[in-house]
Amino acid sequence: MEKSILYNKERYEAKNGKLHLLPEKVLQFGTGVLLRGLPDFFIDKANKKGIFNGSIVVVKSTATGGIVDFEKQDSLYHHVIKGLVNGNEVNEIYENTSISRVLEASTQWTEILELSKSKDLKIVISNTTEAGLVYEKKDTQLINTPFSFPGKLLSILWHRWKHFETNADKYGLVILPTELIPDNGNILKKIVLDLAILQQLPNEFIDWLNVSNDFCNTLVDRIVTGNLPEKEQKQLENQLGYQDHLLITSEPFALWAIETHKYSTVNELSFSQADTSVVVAPSIAKFRELKLRLLNGTHTFCCALAILLGFETVKDAMANNDFRKFILHLLANEIAPCVLSDEISSSDITQFQNVVLDRFSNPTIEHQWKSIALNYSEKIKMRNLYLIEKFQQLKNEVPMAMSVCLAAFFVYQEKLNQEVTINQFSFSESFNNSVISLISLINNKGIQFVMNECFNIKD
């Protein structure tokens, strides 16, 4: 794909009748599809609406792969959005022009440090996976390339502080880690502070790091993949007239929740004004709870049940009207009452429930139930156990759909010859008895009989 084909004026802003490159406001660690399909998508959308008016410098930190495709394509790429919104099919092609350049940490660290001194720079974004937020004692480099991402971030902040000296208070950064762990901003800040102390950096710098920089907890949620299926990929290439080696595909749904108490940070994150899927708030606990219980929790509850019923993928199960009715019952009648709180309204739950149904039903995503079943026992403890206990507290009865799901889990584990017993979970006696009874019924009569008897779901 030639640069001349992709030259795009949306990459520029007008000043006094002339076109200028958008200022490089964002430094992003990671070239992966999630970053390009979520934060970069929202920033590009804001740029096209004339709101944020800033480009992204991407840092490639990993040893695998290269940046040749970014160089050949002037960092431009297409984003195909496919799936369902309110039950209606969506199929859009979007050209993203938000990235100005891509630098390699291993060979271009000097350029990256030079960027750290820019007054235009406002935001740092990262997605280095959960393994990237680690404390490395060997990270004692402030000039040469540090080993870990926290070490690299400390180096950038240190050079920024030294460059601006007495005016440094005006030039702190908003730091947005998108690694998929709770309190990611707090965790990253602690590691950076610990590294600063390890390197015996001055107290004045540590105070500036603490006060003038905002390490925000964030939550990101969107399924983003690479190329389309081969046939669709070729059709798109014929439509475009060239190959896009950076093309990504995603579902329509997206969420980027950012937690901050600073008014100045809200102003810096002006791209949030371009899409309601970006939420900047003093607390993002509500969004984490909705995702954990209604989305992840439903996946985990239904996984073994779907496998025993013969469904390979989530979309296959959702295409079955009876299974879809079961999930609706589970969501609306058993999970929803447990999630309702002072912070989470019934309308929040209904809206998110509808999103869950759209996402589960997406015909373009091959989400295998057996993949969801990985680390099954731990997922139940983290996502489902609270809901089971909460329902019994609220209703003083055993939740039937949850009981069937857990019985299916134990039957499935037995089929896999896994040594998992009901005593490994702290269920109530009444829930235990219900599950044991259902296990026996499934083994003797079959899962379809149980579904028909309990929920009038027929073969």
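The values are calculated or read from the model by the stated rules, or taken from the named source; none is laboratory data. Every value quoted in this text rests on a predicted model; they were computed, and no experiment measured them. Cβ placement follows ideal geometry from the backbone for every residue including glycine, while neighbour counts extend to all protein chains displayed.
In the range 44-69, which residues are in a loop (DSSP other than H, G, I, E, B) and closer than 21 Å to Leu115 by Cβ? Can you show your working first?
Going through the range 44-69, the residues in a loop (DSSP other than H, G, I, E, B) turn out to be 49-54, 61-67.
Passing the criteria: Phe52, Asn53, Gly54, Ser61, Thr62, Gly66, Ile67.
Being modelled with pLDDT of 95 or more and under 20 Å from Gly83 (Cβ atoms) narrows it down to one residue among Ala319, Ala285, Ala304, Ala274; which is it? Give the derivation first.
On the way: Ala285 fails: under 20 Å from Gly83 (Cβ atoms); Ala304 fails: under 20 Å from Gly83 (Cβ atoms); Ala274 fails: under 20 Å from Gly83 (Cβ atoms).
From the options Ala319, Ala285, Ala304, Ala274, the qualifying one is Ala319.
Collect the residues in the range 101-115 that are among the hydroxyl-bearing types (Ser, Thr, Tyr) and assigned to a helix (DSSP H, G or I), keeping them in residue-number order. Quick ask: steps written out before the conclusion?
Of all residues in the range 101-115, those among the hydroxyl-bearing types (Ser, Thr, Tyr) come to 106-107, 110.
Thr110, the sole residue that qualifies.
Would you point out which residue out of Ser371, Ser341, Ser403 is out of contact with any Cys (no Cβ under 6 Å at 6 or more places or on another chain), polar (S, T, N, Q) and not in a helix (DSSP H, G or I)? First the steps, then the outcome.
Numbers: Ser371 fails: not in a helix (DSSP H, G or I); Ser403 fails: not in a helix (DSSP H, G or I).
Among Ser371, Ser341, Ser403, only Ser341 is out of contact with any Cys (no Cβ under 6 Å at 6 or more places or on another chain), polar (S, T, N, Q) and not in a helix (DSSP H, G or I).
Taking the stated definitions as given, is Ser426 in the same structural domain as Ala306 (by TED's automatic domain parsing), farther than 19 Å from Ile327 by Cβ and in a loop (DSSP other than H, G, I, E, B)? Step through it out loud before you land on a result.
Working: in the same structural domain as Ala306 (by TED's automatic domain parsing): yes; farther than 19 Å from Ile327 by Cβ: yes; in a loop (DSSP other than H, G, I, E, B): yes.
Here the answer is yes, as Ser426 does meet what is asked.
Would it be correct to say that Asn184 is more than 23 Å from Val85 (Cβ to Cβ) and in contact with a Gly (Cβ under 9 Å, 6 or more places away or on another chain)? Before you say what the answer is, go through the steps one by one.
Values: more than 23 Å from Val85 (Cβ to Cβ): yes; in contact with a Gly (Cβ under 9 Å, 6 or more places away or on another chain): no.
Here the answer is no, as Asn184 does not meet what is asked.
Which is in contact with a strand residue (DSSP E or B) (Cβ under 9 Å, 6 or more places away or on another chain) and of a type in the set (Asp, Glu), of Glu378, Glu366? Explain how you work it out, then say what you get.
Values: Glu378 fails: in contact with a strand residue (DSSP E or B) (Cβ under 9 Å, 6 or more places away or on another chain).
Step by step, each of Glu378, Glu366 is checked, and only Glu366 is in contact with a strand residue (DSSP E or B) (Cβ under 9 Å, 6 or more places away or on another chain) and of a type in the set (Asp, Glu).
Could you tell me which numbered condition Thr64 fails, if it satisfies all but one of (1) polar (S, T, N, Q); (2) touching a Phe, Trp or Tyr at 6+ places or on another chain (Cβ under 8 Å); (3) farther than 30 Å from Thr265 by Cβ?
Unmet condition: (2).
So the check is Cβ under 9 Å with 6+ separation or different chains; which pairs have a first residue in the range 181-195 that's over 13 Å from Leu209 (Cα atoms) and a second one that's acidic (Asp, Glu) and assigned to a helix (DSSP H, G or I)?
Taking only residues 6 or more apart or on different chains, the pairs are Ile181/Glu130; Asn184/Glu130.
Determine whether the range 351-368 contains at least one residue that is without any contact (Cβ under 8 Å) to a residue 24 or more places away in the chain, loosely packed, with under 14 Cβ neighbours inside 10 Å and not in a helix (DSSP H, G or I). Can you show your working first?
Of the range 351-368, the ones without any contact (Cβ under 8 Å) to a residue 24 or more places away in the chain are 351.
Narrowing further to those that are loosely packed, with under 14 Cβ neighbours inside 10 Å: 351.
Filter once more, keeping what is not in a helix (DSSP H, G or I): none.
No: zero hits.
Against the definition (within 20 Å of the chain's Cα centre (by Cα), among the hydrophobic types (A, V, I, L, M, F, W, C) and closer than 22 Å to Pro182 by Cα), how does Ile335 come out, yes or no?
Working: within 20 Å of the chain's Cα centre (by Cα): no; among the hydrophobic types (A, V, I, L, M, F, W, C): yes; closer than 22 Å to Pro182 by Cα: yes.
No, not satisfied.
Name the single residue that is surrounded by the fewest Cβ atoms within 10 Å (Cβ to Cβ) among those in the range 191-223 being within 30 Å of Glu251 (Cα to Cα) and among the hydrophobic types (A, V, I, L, M, F, W, C).
Per the stated criteria, the residue is Ile223.
Any idea how many residues of the range 117-156 are closer than 23 Å to Gly37 by Cα and among the β-branched types (Val, Ile, Thr)?
Residues meeting the conditions: 5.
If you scan the range 112-157, which residues turn out to be at pLDDT 95 or above, over 28 Å from the mean Cα position of the chain (by Cα) and either loosely packed, with under 15 Cβ neighbours inside 10 Å or not assigned by TED's automatic domain parsing to the domain that holds Leu193 (or both)?
Across the range 112-157, the qualifying residues are Glu114, Lys117, Lys119.
Would you mind finding the one in Thr350, Thr364 that is among the polar types (S, T, N, Q) and at pLDDT 95 or above?
Details: Thr364 fails: at pLDDT 95 or above.
The match here is Thr350.
Among Ile181, Ile175, Ile206, Ile187, which is the only one that is within 28 Å of Phe287 (Cα to Cα) and assigned to a helix (DSSP H, G or I)?
Values: Ile181 fails: assigned to a helix (DSSP H, G or I); Ile175 fails: assigned to a helix (DSSP H, G or I); Ile206 fails: within 28 Å of Phe287 (Cα to Cα).
That would be Ile187, the only listed residue that is within 28 Å of Phe287 (Cα to Cα) and assigned to a helix (DSSP H, G or I).
In this structure, does Leu236 turn out to be surrounded by 15 or more Cβ atoms within 10 Å (Cβ to Cβ), closer than 28 Å to Ile81 by Cβ, modelled with pLDDT under 95 and out of contact with any Pro (no Cβ under 8 Å at 6 or more places or on another chain)? Steps first, please.
Values: surrounded by 15 or more Cβ atoms within 10 Å (Cβ to Cβ): yes; closer than 28 Å to Ile81 by Cβ: yes; modelled with pLDDT under 95: yes; out of contact with any Pro (no Cβ under 8 Å at 6 or more places or on another chain): yes.
The answer is yes for Leu236.
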